[in-house]
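Coordinate-derived values only; no laboratory data. From a predicted model like this one, the values you see are computed outputs, not experimental measurements. For neighbour counting, all protein chains shown are included, and Cβ atoms are generated from backbone atoms with ideal geometry for every residue, glycine included.
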Amino acid sequence: MTQAESMSAMSREMQDCVAACMECHSVCEETMSSCMQMGGQAQMQIMRALIDCAEMTRMCADMMMRRSPMSAEMCALCAKACEMCAEACMSMPDDPQMMRCAQACRRCMETCRAMSGMAM
């Protein structure tokens, strides 16, 4: 099977989940930069959630793209990291970047939850 054939075999749901993971990863990285500029102790809690979420979403997308047999379990963990990050970002409702991040995290959480219940 060529790489092109392998990619065409990826389900629409999996493609959507990979895209949501990559979007969430990017937004978390951008939000980390914004958060570092703010400084302060409260942001340290948010930073931990952002770092965990950014790393987890990248790894989850990678595992799905290579059809890892552990993808479903990784999607379940990724959904949890996204949920925690969304909650952390919601602690700053007046910050547009934090709200954008919370939204990306929620979307990723939903797609990862759906994928974690599916046979890969």
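Structure above, values below:
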{"read-out": "Options Ala104, Ala72: the member that is among the small types (Gly, Ala, Ser) and touching a Cys at 6+ places or on another chain (Cβ under 7 Å)", "value": "Ala104"}
{"read-out": "Residue list for segment 96-109, filter: surrounded by fewer than 23 Cβ atoms within 10 Å (Cβ to Cβ), touching a residue at least 60 places away in the same chain (Cβ under 8 Å) and closer than 23 Å to Met65 by Cα", "value": "Arg107"}
